[in-house]
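The values are calculated or read from the model by the stated rules, or taken from the named source; none is laboratory data. Small disclaimer: the values here were computed from a predicted structure and weren't measured. All Cβ positions, even for glycine, are placed from backbone atoms using ideal geometry, and neighbour counts span all protein chains on display. The protein model used for the area step is the full one, side chains on, heavy atoms only, and it has no ligands, DNA or RNA in it. Shrake-Rupley method; radii C 1.70, N 1.55, O 1.52, S 1.80 Å.
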Amino acid sequence: MPHDHADAPHSLLPPDPALRVKALETLLTQKGLIDPAALDEIIDTYQNRIGPANGARVVARAWHDPGFKAALLADADPVLADLGYYGRQGEHMVVVENTPVQHNMVVCTLCSCYPWPLLGIPPGWYKSDAYRARAVREPRRVLAEFGVTLPADTSVRVWDSTAEVRYLVLPMRPEGSEGMSEEQLAALVSRDSMIGTGLAIAPEVAAS
Amino acid sequence: MSRVHDMGGRFGDGPVTPEPQGAPVFAEDWHARALAITLACGALGQWNIDTSRHARERLAPLDYTRFSYYEKWLAGLATLLVEKQVLSAKDLASATDGRDGTGADRAAPHPLAARALKAADVAAALAKGGPADRPSDVAVAFAPGDPVRCRRPGGNRLVAGGHTRLPTYAVGARGWIVRVHGTHVLPDSAAHGLGEAPEPLYAVAFAASDLWSAPEHPGDEVVLDLWQSYLEAV
């Protein structure tokens, strides 16, 4: 069943990747198998509408509302569905909470699994061989490359997304954010803090 | 027995180079196009997510390594389109950058054309997604806290060289159940048209010291999502 191709079909297409895409799009459009307007719609969705601002709103609400946070951590799917954050690559969500004793970090060593409805399309580094290969074996050295150093008494739990479950890290609420509104809090939530390769932004840094 | 994509724990890749958080979602226009074409072709219903992952994984190691991310997607898509007989190798060979447009057979309607994803249906298709949980007859064998071991040898037990989601670095390792996810489609079966074969899926934690010869920190752990048939009781 799994044929190993000596004459792989991709080798039949033009070598330049941009031309390869164009050739495939033209062929599939001529056959009536794809609609270029649908492609535009997919791209617009992930370029402009679905991105890390969704996840940031969830984190900010969890910081702001203990009941919401408890429900989110207990069973994320219905909570996120209520907010309209569901669908492709976010069908089965689990939210994991950072604490002073445990830092969570997410990787997909086998491909590039990532919670699209909450964070959008993964950044290039998340899909890179270096991140996929190293995040499980030396997460602290990888974190250092993101400028993050954890206290020695904080353990790291790396989640390798090997199934259709997608993980979102709930970062620790930064000091000095007491009394801030949900909207102000959301501005402290970076994309990387929800993957676990970053921390939430300190209010004084966000304000500067 | 492993394939090139199974790179967890590998040495030699050098530093991770994070691009700025405000960087464009798609670094190149063709990246966006490649993603959209792949999703749109998936909507034709000729394969599932496990089939498409496997199509990328079984690229020749030389190709997998030299291709950028979306080139892998394109190559996997070309494989699937031909294997599932959506297009022929001749179709692909005649595809150019769009400036020709000739070819008599292209005028005939394709049998799958009625299934083509329309712009008006994109939002609903993306919102629907592809849930992987299914009812299963397989009884849940483990509970949180139970010690387990990943079976050895790893690899797909239904198809030699087939798709599996047990990374090589965890084969034979001892861990413990941290979460029961319910019953999910088994990729080892579904990727090869052998049925969804749903079974219990667990989050399983492993001490870093049980996976790596030189763990960074005694308290660190790695958690993997693993199907029941990947595990044995300890």
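Table for the structure above
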quantity: Added length on full extension, which subtracts the Cα-Cα distance from 0.36 nm per residue, B:A60 to B:A233; calculated: 58.7 nm
quantity: Charge dipole of segment A:1-112 about the Cα centre (unit charges at C-beta), most positive-ward option of A:T99, A:G51, A:V21; calculated: A:T99
quantity: Highest average packing first - A:68-74, A:111-117, Cβ atoms within 10 Å; calculated: A:111-117, A:68-74
quantity: Inter-chain shielding of B:132-141 (mean C-beta neighbours from other protein chains, 10 Å cut-off); calculated: 1
quantity: Helix B:29-42 vs. chain B, principal-axis angle (Cα, 0 to 90°, nearest 10); calculated: 80 degrees
quantity: Relative contact order [Cα under 8 Å, 6+ residues apart], chain B, whole percent; calculated: 18 percent
quantity: Cα pair distances of the protein assembly as shown binned at 10 Å [whole percent]; calculated: 4, 21, 31, 27, 13, 4, 0
quantity: Point-charge dipole on Cβ atoms (K/R +1, D/E -1) for segment B:29-128, about Cα centre, debye to 20; calculated: 180 debye
quantity: R0 of 35 Å, Cβ-Cβ distance B:A93-B:E196: FRET efficiency to nearest 0.05; calculated: 0.50
quantity: Extension reserve of the B:S68-B:V178 stretch, reckoned as 0.36 nm per residue once the Cα distance is removed; calculated: 36.1 nm
quantity: Summed buried accessible surface, chains A and B, 1.4 Å probe, nearest 100 Å²; calculated: 8700 Å²
quantity: Over 23 Å (Cα to Cα) - which of A:K22/B:K72; A:K31/B:K84; A:K31/A:K127; A:K22/B:K118 fall in this group; calculated: A:K31/A:K127
quantity: Nearest-ten-degree value, helix B:69-83 long axis tilted from longest Cα axis of chain B; calculated: 70 degrees
quantity: Residue-normalised accessible area of chain A, given per residue in Å² at a 1.4 Å probe; calculated: 37 Å²
quantity: Computed Kirkwood radius, in angstrom, where 1/r is averaged over Cα pairs of segment A:88-127; calculated: 11.6 Å
quantity: Protection proxy ranking of A:48-57, A:77-86 - average other beta-carbon atoms within 10 Å, highest first; calculated: A:48-57, A:77-86
quantity: Of all accessible heavy-atom area on chain B, the percent that carbon and sulfur account for (1.4 Å); calculated: 55 percent
quantity: Average partner coverage of B:69-77, which counts Cβ from other chains inside 10 Å; calculated: 5
quantity: FRET efficiency estimate (nearest 0.05) - Cβ-Cβ, B:V4 to A:S11, R0 22 angstrom; calculated: 0.80
quantity: Segment A:158-208 - percent of accessible surface contributed by carbon and sulfur, probe 1.4 Å; calculated: 55 percent
quantity: Expected 222 nm ellipticity per residue - DSSP helices of 4 or more, -39500 (n - 2.57), all of the protein assembly as shown, to 500; calculated: -9000 deg cm²/dmol
quantity: Relative contact order computed over chain A (Cα-Cα under 8 Å; 6+ residues apart), in percent; calculated: 23 percent
quantity: Charge dipole magnitude, Cβ of K and R +1, D and E -1 - the protein assembly as shown, Cα centre, debye nearest 20; calculated: 760 debye
quantity: Stokes-Einstein translational diffusion, chain A - Kirkwood Rh over all Cα pairs, 1.306 mPa s, 10 °C, in µm²/s; calculated: 83 µm²/s
quantity: Sequence ranges B:167-175, B:131-139, A:13-21, ranked by mean other-Cβ count within 10 angstrom, highest first; calculated: B:167-175, A:13-21, B:131-139
quantity: Cα→Cβ-extended label distance, 7 Å offset, between B:S209 and A:A81, nm; calculated: 4.3 nm
quantity: Check: chain A dipole with +1 on Lys, Arg Cβ and -1 on Asp, Glu Cβ, in debye; calculated: 380 debye
quantity: Full-extension gain in nm, A:V205 to A:E97, via 0.36 nm per residue minus C-alpha separation; calculated: 36.6 nm
quantity: Placed amide H near A:L168: partners under 5 Å, 5+ positions off or other chain; calculated: A:V94, A:V95, A:V96
